[in-house]
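J.: I have a structure I would like to understand better, so I am pasting it below and will then ask my questions one at a time.
The values are calculated or read from the model by the stated rules, or taken from the named source; none is laboratory data. All values reported here derive from a predicted model rather than from experimental measurement. Because the Cβ atoms are built from the backbone with ideal geometry, glycine has one as well, and the counts that use them run over all protein chains shown.
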Amino acid sequence: MENRTITPDFWRGRRVFLTGHTGFKGSWLSLWLHTLGAEVKGYALEPPTDPSLFQLCRLDQWVDSTIADIRDAETLQTVMQQARPDIVFHMAAQPLVRASYQQPVATYATNVMGTVHLLEAARRCPSVQAIVNITTDKCYENREWHWGYRENEPLGGHDPYSSSKACSELVTAAYRNSFFHARSDAQPAIALASARAGNVIGGGDWAVDRLIPDCVRALLDGRAIVVRNPHAIRPWQHVLEPLLGYLLLAEQLVERGTPLATGWNFGPWDEDARPVESIVSRLCALWGPEARYRLEVDPSQPHEAAYLKLECSKARAELGWTPRWRLEQVIESIVAWTKAYRSGQDMRTVCLQQIDLYGASLHKTPQFC
């Protein structure tokens, strides 16, 4: 399939239910959906950080927002029934590996039972046509291979976060097989897919114990960046890359239905899976001479995978999705965003400019390697 771009007419006036809309990825998706003309209903906890992208972009003025817990099944079902969405994106999660060691019960309750609650609410909502459950590349049983994991590889997870996302994938498959076939002649099947993305980075991420936010805080404070896992290799990609995949997938789920209701990988080109230290070094070089970092390897820290990569041929062949920004441009965009924040610019405008810049790349030939 040739490379596809988003269909604005598809999204104009489309009712979208988005869980986790106050988080990093959810805020970028909320803003993008708003620019496309969609009617976005958000369901999430308060923004998880201060500052937060949600607040900086004043998204409460543009998104119909309900602040509530995904673990509250009754409230979730009531809010979804009232919203009558066509499409559901499920992003609400406990998203951090290290936090899952500290709060394993809450991690499973949110990531596993939260998915159950979301799917229960959706199957009782007649308007829903398609659901995209956003999980993670860490849902695979990681064997430290040097080739990418395909969508049919075994699921697993060493830590509570990763295994909870593998469980969310299993829940998704069970609901798809058990409940989301055609409900009646008047109510066709709900097309339910899952989306697995790599290490998503970009401006506006303030999470704790994540590489780019930790770097940004250190740069803004004038401190040395502490690098704890310098040789770990990750599939780095700008946040807009997988979001494009989610949007294309949702369009095709509505248009083509259950044949596409499977798992999907969205990751960068192989050459953009780089070691942590190389990312930090380039970030410092672009920031300026005052930026610096130091290695602080702690052998007692919780286990983190050393190597993880996705095979994304399926999304390229069947959805027409390809990565558009190479890693150099991704890092440049993060530095530009952060310097704009430091200088007091309007961050909603900055984000919209980056969405427009990324959108322009969709009409160009991707840089194949």
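J.: Looking only at residues that are among the hydroxyl-bearing types (Ser, Thr, Tyr) and either touching a strand residue (DSSP E or B) at 6+ places or on another chain (Cβ under 8 Å) or at pLDDT below 85 (or both) in region 273-304, which one is surrounded by the most Cβ atoms within 10 Å (Cβ to Cβ)?
T.: If we take residues in region 273-304 being among the hydroxyl-bearing types (Ser, Thr, Tyr) and either touching a strand residue (DSSP E or B) at 6+ places or on another chain (Cβ under 8 Å) or at pLDDT below 85 (or both), then 293 is surrounded by the most Cβ atoms within 10 Å (Cβ to Cβ).
J.: In addition: Looking at region 46-65, I want the residues that are without any contact (Cβ under 8 Å) to a residue 60 or more places away in the chain and have a partner that is of a type in the set (Lys, Arg) with Cβ atoms under 6 Å, at least 6 apart or on another chain. Which pairs are those?
T.: Note: pairs meeting the criteria are 64/41.
J.: Select, from 337, 321, the only residue that is within 20 Å of residue 215 (Cβ to Cβ), in contact (Cβ under 8 Å) with a residue 24 or more places away in the chain, of a type outside the set (Gly, Ala, Ser) and surrounded by 14 or more Cβ atoms within 10 Å (Cβ to Cβ).
T.: None of the others qualify; the one that does is 337.
J.: Which helices (runs of 4 or more DSSP H) sit wholly inside region 76-151 and have at least 2 residues that are surrounded by 24 or more Cβ atoms within 10 Å (Cβ to Cβ) and at pLDDT 90 or above?
T.: Working: elements: 97-102, 104-108, 114-123.
It comes to 114-123.
J.: Same structure again: What number of residues in region 204-260 are in contact with a Leu (Cβ under 8 Å, 6 or more places away or on another chain) and among the hydroxyl-bearing types (Ser, Thr, Tyr)?
T.: The qualifying residues number 1.
J.: Let me ask you something else. Just a yes or no: is a residue in region 238-261 polar (S, T, N, Q) and either in contact with a strand residue (DSSP E or B) (Cβ under 6 Å, 6 or more places away or on another chain) or at positive phi (or both)?
T.: Scanning region 238-261, I find at least one residue that is polar (S, T, N, Q) and either in contact with a strand residue (DSSP E or B) (Cβ under 6 Å, 6 or more places away or on another chain) or at positive phi (or both), so the answer is yes.
J.: OK, next. Just to be sure, is residue 18 within 16 Å of the chain's Cα centre (by Cα), closer than 20 Å to residue 243 by Cα and part of a helix (DSSP H, G or I)?
T.: no
J.: What about residue 216, is it β-branched (Val, Ile, Thr), more than 19 Å from the chain's Cα centre (by Cα), under 30 Å from residue 336 (Cβ atoms) and at pLDDT 95 or above? Break it down into steps so the answer makes sense when it comes.
T.: Numbers: β-branched (Val, Ile, Thr): yes; more than 19 Å from the chain's Cα centre (by Cα): yes; under 30 Å from residue 336 (Cβ atoms): yes; at pLDDT 95 or above: yes.
It is true that residue 216 is β-branched (Val, Ile, Thr), more than 19 Å from the chain's Cα centre (by Cα), under 30 Å from residue 336 (Cβ atoms) and at pLDDT 95 or above.
J.: As an exercise: evaluate residue 172 against (1) within 23 Å of residue 279 (Cα to Cα); (2) in contact with a strand residue (DSSP E or B) (Cβ under 7 Å, 6 or more places away or on another chain); (3) at pLDDT 95 or above; (4) of a type in the set (Val, Ile, Thr) and give the number of the one condition it does not meet.
T.: Here residue 172 meets the rest and fails (1).
J.: When you scan region 160-181, do you find a residue that is outside any strand (DSSP E or B), touching a residue at least 12 places away in the same chain (Cβ under 8 Å), in contact with a His (Cβ under 7 Å, 6 or more places away or on another chain) and surrounded by fewer than 23 Cβ atoms within 10 Å (Cβ to Cβ), even just one?
T.: Within region 160-181, none of the residues are outside any strand (DSSP E or B), touching a residue at least 12 places away in the same chain (Cβ under 8 Å), in contact with a His (Cβ under 7 Å, 6 or more places away or on another chain) and surrounded by fewer than 23 Cβ atoms within 10 Å (Cβ to Cβ).
J.: Please state which of the following conditions residue 45 fails to meet, knowing it meets all the rest: (1) farther than 19 Å from residue 195 by Cα; (2) in contact with a Gly (Cβ under 6 Å, 6 or more places away or on another chain); (3) among the hydrophobic types (A, V, I, L, M, F, W, C).
T.: That leaves (2) as the condition not met.
J.: Taking the criterion of being surrounded by fewer than 24 Cβ atoms within 10 Å (Cβ to Cβ) and out of contact with any helix residue (DSSP H, G or I) (no Cβ under 9 Å at 6 or more places or on another chain), would at least one residue in region 13-21 satisfy it?
T.: Yes, because at least one residue in region 13-21 is surrounded by fewer than 24 Cβ atoms within 10 Å (Cβ to Cβ) and out of contact with any helix residue (DSSP H, G or I) (no Cβ under 9 Å at 6 or more places or on another chain).
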